1. List the helices (runs of 4 or more DSSP H) inside region 184-258, counting only whole elements, that have at least 2 residues being touching a Lys or Arg at 6+ places or on another chain (Cβ under 6 Å) and more than 20 Å from LYS52 (Cβ to Cβ).
2. Only one residue in LEU53, LEU15 is more than 16 Å from the ligand (Cβ to nearest atom), of a type outside the set (S, T, N, Q) and buried (at least 21 other Cβ atoms within 10 Å of the Cβ), so which one is that?
3. Among the residues of region 79-115, which ones are closer than 21 Å to PHE213 by Cβ, crowded, with 20+ Cβ neighbours inside 10 Å and within 13 Å of the ligand (Cβ to nearest atom)?
4. Give me the pairs, please: first residue somewhere in region 134-146 and assigned by TED's automatic domain parsing to the domain that holds THR103, second residue anywhere and β-branched (Val, Ile, Thr) and open to solvent by 30 Å² or more (accessible area, probe 1.4 Å), beta-carbon distance under 7 Å, and either six or more positions apart or on two chains.
5. For region 71-78, check the following and say yes or no: at least one residue is within 13 Å of the ligand (Cβ to nearest atom), in contact with a Ser or Thr (Cβ under 9 Å, 6 or more places away or on another chain) and at positive phi.
6. Looking at LEU274, LEU290, LEU309, LEU267, which is the one that is at pLDDT 95 or above, not assigned by TED's automatic domain parsing to the domain that holds LEU90 and not β-branched (Val, Ile, Thr)?
Amino acid sequence: MVQSQQGAAPAPNSLIARLETQPRVRDFLVRAVASGRASHAYLFVGAPGSGKLDAAWALAQALLCEDGGCGSCDCCVRVARHTHPDVHHLAPESATGYLISQTRDLLDDVALAPIRARRKVYIIERAEQLRANSANALLKTLEEPPQGVTFILLGTSQDIILPTIVSRCQCVPFRTVSPVAAAEAVARSTGQTPARCRMAVAVAGSPARAVEFLKSADRQDARRRMLRALDALPHADEADVLDASKEIMGAVRAPLAEVKSTQQAVLEQNADYLSRGALKQLEDRNKRELNARERSGIMEVLASARSLLRDVLGILMDGSADIVNEDAADIVERLAQATTVPGAVGALDAVAAAERSIARNITPQLTFEVMLFDIRKALSCP
Ligand SMILES: [Zn+2]
């Protein structure tokens, strides 16, 4: 355990708990928060799955919570549920990157005082997509943000981010985490079997998200529906595929209901003392948060499909191969019997195409339909 220094903030538990696979990053951020000398702008760089986004949310907790990120107070719970009005999470809203209106809204918001906490945090995903127009307006603010504002930018590599952005941020490199190390971390924190943890990492992407996935009945249900749809595909007719797509989409949206009602409650609590402009911004932010959540749920069910089809391919190529989806071994076996290596490869291509469609903002249900039809066709490939 990290001891807090005399007179400084207590050790940030949120960071310690969520950065097990990134000890150097953890120690660095813990020191920065505990000493009260956190930077006003961080750039977290690392491969997908290295836990940058988890780290960003944990750092937001550590910065906003009166106890340095205790993980259990009202403030920490709100941040963890992504409903704290002073933590803003941005991802590019168009396929080509950030919209100019997005950065403009962001800058307008930066100028406003925090709503609940003493500080505000902006988490900005895919910083490599901040290009000339959208980035220029941001640069000055990034250099000298108003008091109490912290930016956390995330990117895969420093080399592809505008140098003018990189030079204004404190860079924090994340190491690549192997799936085995990630699954071990999940097993330590959940006590679940190694097989389940491996599956959860494959589906959710990072250790912290895998832990959340294992706690969420809704998210596991969405995965199960996707696997069931794949299982049924070799014998499915058109109506079955359309029904399955609808069902999967419904399951992806199920966990959003709770987020929506929490957002509504926050809006009502703040309605009396916020200006109309600030309320409008809060509403916009809520909408964005819901979109981001839905998108990550969609990516998760697509990852479930990919992981299962990889298992099918593995079994077709080597009958004794280890599979990730042990709880769905019967489905893997049935699909392997129903198809061939080119069939499984074609099915995996269909999943990749679906991920690209989602990135281009094609409606999710249509994307699922097209994907399932394409997989059905690929699986029957001789
Ligand atoms: Zn707290």
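1. Working: elements: 194-204, 207-215, 217-232, 238-253.
Filter on region 184-258 gives 238-253.
2. Numbers: LEU15 fails: more than 16 Å from the ligand (Cβ to nearest atom).
The conditions single out LEU53.
3. The one that is closer than 21 Å to PHE213 by Cβ, crowded, with 20+ Cβ neighbours inside 10 Å and within 13 Å of the ligand (Cβ to nearest atom): VAL79.
4. Note: pairs meeting the criteria are SER134/ILE100; LEU139/THR164.
5. Scanning region 71-78, I find at least one residue that is within 13 Å of the ligand (Cβ to nearest atom), in contact with a Ser or Thr (Cβ under 9 Å, 6 or more places away or on another chain) and at positive phi, so the answer is yes.
6. Testing whether each residue is at pLDDT 95 or above, not assigned by TED's automatic domain parsing to the domain that holds LEU90 and not β-branched (Val, Ile, Thr) leaves just LEU309.
The values are calculated or read from the model by the stated rules, or taken from the named source; none is laboratory data. Since the structure is predicted, the reported quantities are computational estimates derived from the model, not experimental observations. Every residue, glycine among them, receives a Cβ derived from its backbone with ideal geometry; neighbour counts consider all protein chains shown. All accessible areas refer to the heavy atoms of the entire protein, side chains included, with ligands and DNA or RNA removed. Shrake-Rupley method; radii C 1.70, N 1.55, O 1.52, S 1.80 Å.
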